[in-house]
Each structure stands twice: as C-alpha cells, then as structure tokens.
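Taken together, the values in this text are just the output of simple stated rules run on the coordinates, not laboratory data. Note that the structure is predicted; figures quoted are calculated from it, not measured. Heads up, the Cβs are rebuilt from the backbone with ideal geometry, glycines too, and the neighbour counts pull from every protein chain shown.
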Amino acid sequence: MIWKTLLYFVGVLCMPILLLAQKTKKDSLFVKDSLEEVLVSSKKTRYVLTNPMAITKISQKQIEKTISSNIVDVLVANTPGLNAVKTGPNVSKPFIRGLGYNRVLTMYDGIRQEGQQWGDEHGIEIDGYHIANAEVIKGPASMLYGSDALAGVIAMQPVNSIDQKEIWKGNVVSEYHSNNNMVGNGIYIGYKKNRFFASANGSYKFAKNYQNK
C-alpha cells in the first residue's frame, strides 16, 4: 500500500514536467513552421486627370524633340514644377518643388536608381536615348514608394516593347551640340516571334574632355 501511494505521488509530480515538455515542443514547431504577416495590396489603373496626385507624362516624341545633353534637363523642359541643380553640362539632379537628392525617387523600368541622391558629381545613370516615356509624380508618395519619395517620383520606362504584329523593330538616334562639340549616338534593335523576344541597345557620347559609353 505504501509503495502504491508513493508511486502515485511521484506520478502526480512528474505530470507538469511532461506537459511542459510537450507544450514547449509544440510551440517550437509552431514558430518554425509559421509565416509572418503577408500584406497584399494593389492599385487600380486611373486616368491622369482623375488622379488626386499631380502627374506629368512625357512621351518618347517629346523626349526626342527636346534638345539637351542629359535626360533630366529634357524632363525639366517638359514638366512644370520640376527643376535641376547642374554640375557641368552633363550632371543634373532633379528637384521637385524645392526638394531633391534623397527626397526624390528615380526609377528605371521599376528599378530604383539611387546613385544621384548623394554627391554633387553623380548624375542619373540612365541612357536617355532609349526611354519610351517618363512620368513625374509631384508630391509625397512615400506610402507607395518608400521614404525617399517624399518630394515625388520620376519613373522612366525603356524602349523594349514590340507590337503583336511586329517581328523586327529598331531605332537609331544621333545628335551634335555645337557649344561643346558633343556627339551622341544610340541604337536599339528588337526581335519577336511567337513567345520569344530579344532586344539590344547601346549608346556612345563624347565631347571635348568628356565621354560616356
């Protein structure tokens, strides 16, 4: 009788330990296999005139008709409220309503371009010869694009689309500036057949004591 009572008390004392071990194992498996919160958001297509944000779209024809040594000056010439701080003839930093550097986000084909946000001698590293269109969003857009879009966003799209009926597509651009004897050339070629698509582009610029290729 004494042994049975002793075993009973030992079993009662060991039960919390077993329960704690099972709970710890279960919790560890739950933490290992669980995922953090996933937030999925989307925005529907809206017309520029019905959008509450001030948006200016510059087409490829406007870009080609505007004579300038870099793409930022082209956008400035076609966008009210957009200005540039220049360091030489080929380095221009965009300023939207007085704010620039790391307060203006620049994107090319959906990829953030952050090289121009800091030193004065760094311009936007984007080939201006192969831009299909550009959009300038003026005003705070940090909720959509991040903290560096406090003043606005400059989004540029490359020339890489071919219509459904087209197989070959190409474009050649050449320019000359007499003020610094700058010569610039750019070429684009694309091919599409069924689901296969390929494109290539290149450009070369040189002036008196400056070249970019």
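DSSP loop (so not H, G, I, E, B), at most 15 other Cβ within 10 Å: list which chymotrypsin sites (Phe, Trp or Tyr not before Pro) in the stretch 54-154 pass both filters.
In loop regions of the stretch 54-154 (DSSP not H, G, I, E or B), the sparsely surrounded chymotrypsin sites (Phe, Trp or Tyr not before Pro) are Trp118.
Can you list residues whose amide H is under 5 Å from Tyr108's amide H, if they're 5+ apart or on another chain and H is modeled 1.01 Å from N?
The answer is Gln113, Met156.
Express as a percent, rounded to the nearest 5, the fraction of DSSP beta bridges in the stretch 48-158 (both residues included) that run antiparallel.
Taking every DSSP beta bridge with both residues in the stretch 48-158, the antiparallel ones total about 80 percent.
Give me the net charge of Ile63's neighbourhood, meaning all other residues with Cβ under 14 Å from the Cβ of Ile63; Lys, Arg count +1, Asp, Glu -1.
Net local charge, Ile63 excluded: -2.
Looking at Thr106, Ser147, Ile58, which one has the Cα that reaches farthest to the positive end of the dipole of the stretch 48-158 (charges on Cβ: Lys, Arg +1; Asp, Glu -1)?
With unit charges placed on the Cβ atoms, the residue in question is Ile58.
In the structure shown, do any of Lys138/Lys169; Lys138/Lys208; Lys93/Lys193; Lys138/Lys165; Lys57/Lys86; Lys57/Lys205 have a Cα-Cα gap over 31 Å, and if so which?
In this structure, Lys138/Lys169; Lys138/Lys208; Lys93/Lys193; Lys138/Lys165 exceed 31 Å between Cα atoms.
Under Stokes-Einstein, with the Kirkwood radius over Cα pairs standing in for Rh, what whole-number D in µm²/s applies to the stretch 168-212 at 25 °C and 0.890 mPa s?
203 µm²/s
What ranking of Leu99, Leu105, Leu150, Leu82 emerges when the number of other C-beta atoms within 10 Å of each C-beta is taken as an exposure proxy, fewest first?
Ascending number of Cβ neighbours within 10 Å: Leu99, Leu150, Leu82, Leu105.
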